[in-house]
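Derivation of every value follows stated rules applied to the coordinates shown; laboratory data play no part. Quantities reported herein were computed from a predicted structural model and do not represent experimental measurements. Neighbour counts run over all protein chains shown; Cβ positions are idealised from the backbone, glycine included.
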Amino acid sequence: MDLRHLKSFLVVAEELNIGRAAVRLHISQPPLTRQIQQLEESLGAPLLVRYNRGVELTEAGRLLVEEARAILSLAEQAAERTHMAAQGKLGRIDVGIFGSGIFGVVPKILLAFREAYPSVNLVMHNLTKREQIEALRQRRLTVGFNRLVPADGDIASEVILTEGLYLAVNRKESVAKKKEISWSEIGRYPLVLFPSGSRPSFIDWVLDVCRQDGFRPEVVQEVGDAVTAVALVASGFGVCVVPESATRMTLPGVVYRPLKRNPPPRVDLSCLYRAGDDSPILRAFLDVARRFRAP
């Protein structure tokens, strides 16, 4: 069934006159008549009763009017949705997130994308770095966010920002009275570290900086995420090194103090995705994410 023939039939059905319908369609009468005849042949049913002054719809013709309108409406919707999908404005995007990353710029990126592309179904997955990389390779994720992403041929990464580091301390500790704390002072307190999942991770990065500064901290606990780590600080377990984004967590009895070191301690937040993925939705997402990239 030719959609062009259906459109012509609907105009004839509205005008009930081949001549007037041909004028509306900007064609001559003979080709219009042939279109209707071809449509009748393809359906195996007469659609019009022809008279000298015009035409009338048969029972089959009246039924086809409603069906044709529905078919053409669906066809227009399909064309529009296909066009939107080609522009990254329709479909689904699966985004990998992680513990402390959800406190900073990542939610702003996700909100900006949702506002710019409201017809895209945005699905978030809380995964470790190793899980994100594996999910990207298996095409279960479109894009992820994480820190200290290792170089890998099939996984591309872009640094969105680098964050300063803070020490989460219990307000009862004397060190909480300081405006800033030198990195070397970490060695004087029991240390809570995160995340304890796939390694190497932020834990190893913190320990490596400590080694560079000539001391080994007393690690009393390794936990899975920043929320648990800061909750332990609130309970008096020890202190915890956190990225600046995590300082947005407000727990009773916990304060955050910037860490001082030369060079200043900073950690990256990166966006990772499959190398070579040129899908419209990923391109649209990266365009939004790059607006938040630090200069």
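Diffusion coefficient of the stretch 118-211 by Stokes-Einstein, Kirkwood radius over Cα pairs, 20 °C, 1.002 mPa s: 131 µm²/s. Taking the centroid of alpha carbons for each part, the stretch 1-55 and the stretch 171-212 are 80 Å apart.
Build a GNM of the chain with springs between Cα atoms under 10 Å apart, and of Lys179, Lys108, Lys260 the one that fluctuates most is Lys179.
Count neighbours as other Cβ atoms within 10 Å of each site's Cβ, and list the chymotrypsin sites (Phe, Trp or Tyr not before Pro) in the stretch 18-123 that are DSSP loop with at most 15 such neighbours. Before the final figure, lay out the partial values.
Working: sites: Tyr51, Phe98, Phe103, Phe113; in loops: Tyr51, Phe98.
In loop regions of the stretch 18-123 (DSSP not H, G, I, E or B), the sparsely surrounded chymotrypsin sites (Phe, Trp or Tyr not before Pro) are Tyr51.
The ranking of Trp183, Trp205 by Cβ neighbour count inside 10 Å, starting from the fewest, reads Trp205, Trp183. Largest GNM mean-square fluctuation across Val106, Val11, Val206, computed for the chain with C-alpha springs under 10 Å, falls on Val11. The GluC sites (Glu not before Pro) of the stretch 154-232 meeting both criteria, a DSSP state outside H, G, I, E and B (loop) and at most 14 other C-beta atoms within 10 angstrom of the site's C-beta, are Glu180. Placing unit charges on the Cβ atoms of the charged side chains and taking the dipole of the stretch 3-86 about its Cα centre, the candidate lying farthest along the positive direction among Val12, Leu74, Leu64 is Val12. For the chain, the Cβ-based charge dipole about the Cα centre amounts to some 980 debye (Lys, Arg positive; Asp, Glu negative; other atoms uncharged).
Let me have the relative contact order for the stretch 104-251, percent, based on Cα pairs under 8 Å that are six or more residues apart.
Working: 161 pairs, mean separation 40.4, N = 148.
Once divided by the residue count of the stretch 104-251, the mean separation gives 27 percent.
For the listed peptides 189-199, 34-44, a ranking on the average number of other beta carbons within 10 Å per residue, highest first, reads 189-199, 34-44. Sequence-ordered 3J(HN,Hα) estimates for the stretch 97-112 from the Karplus curve with 6.51, -1.76 and 1.60 and θ = phi - 60° stand at 10, 8, x, 5, x, 6, 8, x, 6, 4, x, 5, 5, 4, 5, 4 Hz, glycine and proline given as x.
Between Arg211, Arg24, Arg283, the GNM of the chain built on Cα springs shorter than 10 angstrom shows Arg24 fluctuating the most.
Taking only the C-alpha atoms of the stretch 3-86, the Rg (one decimal) and the largest Cα-Cα distance, Dmax (whole number), read 13.8, 49 Å.
What number, rounded to the nearest 500 deg cm²/dmol, is the helix-based mean residue ellipticity at 222 nm of the chain, given -39500 (n - 2.57) per DSSP H run of at least four residues and division by all its residues?
Values: 9 runs with 116 residues, N = 295.
Here the helix-only value at 222 nm equals -12500 deg cm²/dmol.
For the chain, the equivalent ellipsoid derived from the Cα gyration tensor has semi-axes of 68, 17, 15 Å, listed largest first. Neighbours of Ala21, meaning other residues whose beta-carbon lies under 11 angstrom from its beta-carbon, give a summed charge of +1 when Lys and Arg score +1 and Asp and Glu score -1.
Given Cα pairs under 8 Å that are at least 6 residues apart, what percent is the relative contact order of the stretch 17-140?
Working: 83 pairs, mean separation 21.7, N = 124.
Averaging sequence separation for qualifying contacts and normalising by length gives 18 percent for the stretch 17-140.
Relative contact order for the stretch 211-295: what percent, with Cα pairs under 8 Å and sequence separation of 6 or more? Don't skip to the answer; put the middle values down first.
Details: 24 pairs, mean separation 15.3, N = 85.
About 18 percent, as a whole number.
Would you work out if the stretch 85-163 is rounded, prolate or oblate? Take a ≥ b ≥ c from the square roots of the eigenvalues of the alpha-carbon gyration tensor; rounded if a/c is under 1.5, else prolate when a/b is larger than b/c, oblate otherwise. Oblate, because a/c is 1.5 or more while a/b does not exceed b/c. Principal axis extents of the Cα atoms in the stretch 161-295, from largest to smallest and rounded to whole angstrom, are 53, 32, 29.
Using the Stokes-Einstein relation with a Kirkwood hydrodynamic radius computed over Cα pairs, the translational diffusion coefficient of the stretch 60-204 at 20 °C and a viscosity of 1.002 mPa s comes to 109 µm²/s. Placing dummy labels 7 Å off each Cα toward the beta-carbon, the span from Val123 to Val175 is 4.3 nm.
Can you give the extra length, in nm with one decimal, that the chain gains between Ser42 and Ala151 once fully stretched, where that is 0.36 nm per residue apart less the Cα-Cα distance?
Details: separation 109, 0.36 × 109 = 39.24 nm, distance 5.96 nm.
That works out to 33.3 nm of additional length.
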